[in-house]
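Colleague: One structure follows; several queries about it will come next.
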Amino acid sequence: MDWHPEDIKAAIRKRGETLTSLGRRCQIDQRLISLALIYPHKAAEAAISGFLCVPAHTIWPSRYHADGKRKRPQPAQNYDRKPRAIVTGAAA
């Protein structure tokens, strides 16, 4: 399962940057960096994974094969805007 977007943002903040400053540093529009948290964007994914020193296929396994190669074309569910189910509490 992909890292949650808030976990990615927290990891970036823990390293002293924000999405905006990371975008500036990598010369990528901050909106593209933000969108990469939800939708596939190769350059933004590379910037985020490079900054965090975590392989992109670890952060977004739905977008990459296990060997690290990017899926082409991207699976349709990677463009689905429906929120992922969140499981809370104990099972009834």
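Colleague: To the nearest 20 Debye, how big is the dipole of the chain about its Cα centre, given +1 on the beta carbon of each Lys and Arg and -1 on that of each Asp and Glu?
Modeller: Details: 16 positive and 8 negative charges, 39 e Å.
The dipole magnitude comes to about 180 debye.
Colleague: If you look for lysine pairs in the chain that are eight or more places apart or on different chains, how many of them have Cα atoms under 22 Å apart? Mind dumping the intermediate values first?
Modeller: Working: LYS9/LYS42; LYS9/LYS82; LYS42/LYS69; LYS42/LYS71; LYS42/LYS82; LYS71/LYS82.
For the chain, qualifying lysine pairs total 6.
Colleague: Let me ask another. Using a 10 angstrom Cβ neighbour count of at most 15 plus a DSSP loop assignment to flag exposed trypsin sites (Lys or Arg not before Pro), which longest range of the chain is free of such sites? Before the final figure, lay out each step's value.
Modeller: Working: sites that count: ARG15, LYS69, LYS71, ARG81, ARG84.
Segment 16-68 is the longest.
Colleague: Quote the relative contact order of the chain in percent (integer), defining contacts as alpha-carbon pairs under 8 Å separated by 6+ residues.
Modeller: Relative CO of the chain lands at 24 percent.
Colleague: Moving on to the next point. Given H placed on each backbone N at 1.01 Å, which residues far from TYR64 in sequence or on other chains put an amide H within less than 5 Å of it?
Modeller: Here LYS71 satisfy the definition.
Colleague: Over all directions, how big on average is the projection of the convex hull of the alpha-carbon atoms in segment 1-53, in square nanometres? Don't skip to the end; give the middle numbers.
Modeller: Numbers: hull surface 12.9 nm².
Averaged projected area of segment 1-53's Cα convex hull equals 3.2 nm².
Colleague: Positive end of the dipole of the chain, charges at C-beta (+1 Lys, Arg; -1 Asp, Glu), about the Cα centre: which of GLN74, GLN27, ILE48 has its Cα farthest in that direction?
Modeller: GLN27
Every number here is computed from the coordinates shown, using simple stated rules; none is lab data. Just so it is clear, the model here is predicted, and its values are computed rather than measured. So basically every Cβ, Gly included, is an ideal-geometry build from the backbone, and we count neighbours across all protein chains shown.
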